[in-house]
Amino acid sequence: MSKISGFIDIKRQEPGKQEVANRIRHFREFETPLPYETLIDQAARCMDCGIPYCHACGCPLGNLIPDWNNMVHRGHWQRALELLHATNNFPEITGRICPALCESACSLAINQEPVLIKHIELQIAEKGWQEGWIKPQPASVNSNKRVAIIGSGPAGLSAAQQLVRGGHSVVVFEKSNRIGGLLRYGIPDFKLEKWVIDRRLAQMQSEGVIFEPDVDVGVDISPHYLSRNFDAIIIATGESVARDLNVPGREHKGIHFAMDYLSQQNRRNNGESIPAEKIIDAKNKHVVVIGGGDTGADCIGTAQRQGARRITQIELLRQPPTERTSDNPWPYWPKILRTSSSHAEGCQRLWSILTKSFAGKNQHVASLQCVKLDWQKDPQTDNQKYSEIPGSEFELKADLVLIATGFSHTEHSPLLQKLALEKNAKGNIKVDSKGMTCASGVFAVGDCVCGASLVVNAIQQGRAIAKRVHQFLTSKT
Ligand SMILES: Cc1cc2nc3c(=O)[nH]c(=O)nc-3n(C[C@H](O)[C@H](O)[C@H](O)COP(=O)(O)OP(=O)(O)OC[C@H]3O[C@@H](n4cnc5c(N)ncnc54)[C@H](O)[C@@H]3O)c2cc1C
């Protein structure tokens, strides 16, 4: 603890953001970093509170938060970076897009603003890159073992980096034309610019990781070929089957899955050419986003930048409370109303709304028929149940509808079929306590096992599976 009264004397200060009117004119990041002097003060708000819930309960990676806060306050940035990298392969990514579970679990958050953990993390990492402290760390040993990783999202990438540093030869296969998974083709550029990924990939290549994009394993090459040529396989293929909304009128043009929309905009930003007839654009349109989660918020930010006329987000569930309820105490993740930067850019938000059907004109969607819901606890099951409020039907004008209602399960692709992999209750890949599937030497990790989650969880799971695969390959930790 570097300043005993830091948490009393110093107030939390947020990094700046470009004005809405400016930032919606481009797809780049818009947060303005705080100066180092301010960060040194902000780090001093950390109380080093004995049982650091931020690290032990909040952060899935177990980031050593009080330790690196202390180092930042003392000006030992390089040591702070080492501590950060001890638990997290990609802090410049989590420092940008993590919802910061750590901040909700910070002891200060019991009755005041938490420590600015996420932004300090970002700045430690960015300083590390600027100063040239982040260098390739090639292994000093060679195990002569080969690992194939299928899927290049954060789970596959963190596993790849850990394993290559452990002395194994690692090849990452990716069916898209570029590496990065949802970091590349899901998360919008205004939250995560793609040069951030490329910079880390260059480090990984220098460490020996081989990237093979444009290879759909199970279609372009057989997984059995991989089994013969590699000592272990890790499947990290994500969860990609979107949950649909099967109501009358779904077949109309102008109704798209959020992921088709978001990934297309990322491709356009990257200069990839999209056939004119396939372009999904919100310019001058009445946009309705179905689904009140983070993917829906990303659609709002994207539609705003494309020049939508009006954006409405509708959600089936009721509006969350603005403060924690008694059954959702600190240090758990607060289930409260969140207003993302995309919401702040302008949109209407409606809760407890059920979409009954889509109506169209000339085969193109023109409106949604909706009804308001009443949510009540079912006394028999204790679960929340909804009923439609009689007479509350209404119409919502829409030229573009984006379905952001989550994912049902991982794709039951030829890869899974050819390996005859068992599935868990959610339809994702079933693994044992060591992360191995029913096929010997074939492991699985990330969203394709656990379902849609967070980048920080994917990184943590990638690191954990790397340890298990290393044990499998060498029979020692
Ligand atoms: C729109 C959106 C925004 C999000 N924003 C955030 C955020 O701000 N913060 C956050 O923490 N989390 C966010 N998430 C969640 C986060 O991105 C995911 O939880 C995380 O990327 C999962 O990592 P993964 O490595 O398991 O899978 P993915 O990132 O999904 O990567 C899987 C990869 O496997 C590839 N693949 C699949 N099958 C094959 C095959 N047969 N052969 C070769 N390659 C294959 C896919 O093409 C894909 O590139 C967001 C998710 C979405 C959809």
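Computed from the coordinates by the stated procedures, all read-outs in this text should not be read as laboratory data. Since the model is a prediction, treat every value here as computed from it, not as a measurement. Positions of Cβ are backbone-derived with ideal geometry, glycine not excepted, and every protein chain shown enters the neighbour counts.
Fully extending the segment from R324 to V141 would add 60.8 nm, taking 0.36 nm per residue of separation and subtracting the current Cα-Cα distance. Computed over segment 313-465, the Cα gyration tensor eigenvalues convert (square root of 5λ each) into semi-axes of 36, 23, 17 Å, ordered from largest to smallest.
Counting other C-beta atoms within 10 Å, which of L245, L415 has the fewest, and how do the rest follow?
Final ranking by Cβ density, sparse to dense: L245, L415.
Of all DSSP beta bridges in segment 128-250, what percent run antiparallel (nearest 5)?
Just about 0 percent of them are antiparallel.
Fewest-first ordering of D189, D48 by other beta carbons within 10 Å of each residue's beta carbon gives D48, D189.
Placing +1 on the Cβ of every Lys and Arg and -1 on the Cβ of every Asp and Glu, with nothing else charged, gives segment 108-199 a dipole about its Cα centre of roughly 440 debye.
Determine the relative contact order of the chain: mean sequence separation of Cα pairs under 8 Å and six or more apart, normalised by residue count, in whole percent.
16 percent
I need the calculated FRET efficiency for the pair A202 and S475, taking r as the beta carbon distance and R₀ as 30 Å, to the nearest 0.05. Efficiency for this residue pair is about 0.35.
Inter-label distance, Q384 to E113: 2.9 nm, where each label sits 7 Å from its Cα along the C-beta direction.
Taking Cβ atoms as reference points and 15 Å as the exclusive limit, the residues near S387 contribute a net charge of +1, counting Lys and Arg as +1 and Asp and Glu as -1. If you plug the beta carbon distance of D374 and K426 into 1/(1 + (r/R0)^6) with R0 = 30 Å, you get a FRET efficiency near 0.55. The GluC sites (Glu not before Pro) found in segment 130-208 that occupy coil by DSSP, while having at most 16 further C-beta atoms within 10 Å, are E131, E193. Cα convex hull, the chain: 168 Å³ per residue, rounded to a whole number. Computed from label points 7 Å out along Cα-Cβ, the spacing between E193 and E272 is 2.0 nm.
Would you mind ranking R184, R309, R165 so that the residue whose beta carbon has the fewest other beta carbons within 10 Å leads the list?
With the sparsest Cβ surroundings first, the list reads R309, R165, R184.
Taking GluC sites (Glu not before Pro) across segment 307-347, the ones in a DSSP loop with at most 14 further Cβ atoms lying within 10 angstrom of their Cβ are E323. Beta bridges from DSSP with both residues in the chain: antiparallel share about 40 percent, rounded to the nearest 5. Between amide H atoms placed 1.01 Å from N, distances below 5 Å from K356 occur with Q369, C370, V371, all of them 5 or more places distant or on a separate chain.
Counting Lys +1, Arg +1, Asp -1, Glu -1, what net charge surrounds W133 among other residues with beta carbon under 13 Å of its beta carbon? Summing Lys and Arg as +1 and Asp and Glu as -1 gives -1. Charge tally for A159 (other residues, Cβ to Cβ under 10 Å; Lys, Arg +1; Asp, Glu -1): +3.
Nearest 500 deg cm²/dmol is fine: what mean residue ellipticity at 222 nm does the chain get from its DSSP H runs of n ≥ 4 alone, each adding -39,500 (n - 2.57), divided by its residue count?
After summing the helix terms and dividing by residue count, I get -9000 deg cm²/dmol.
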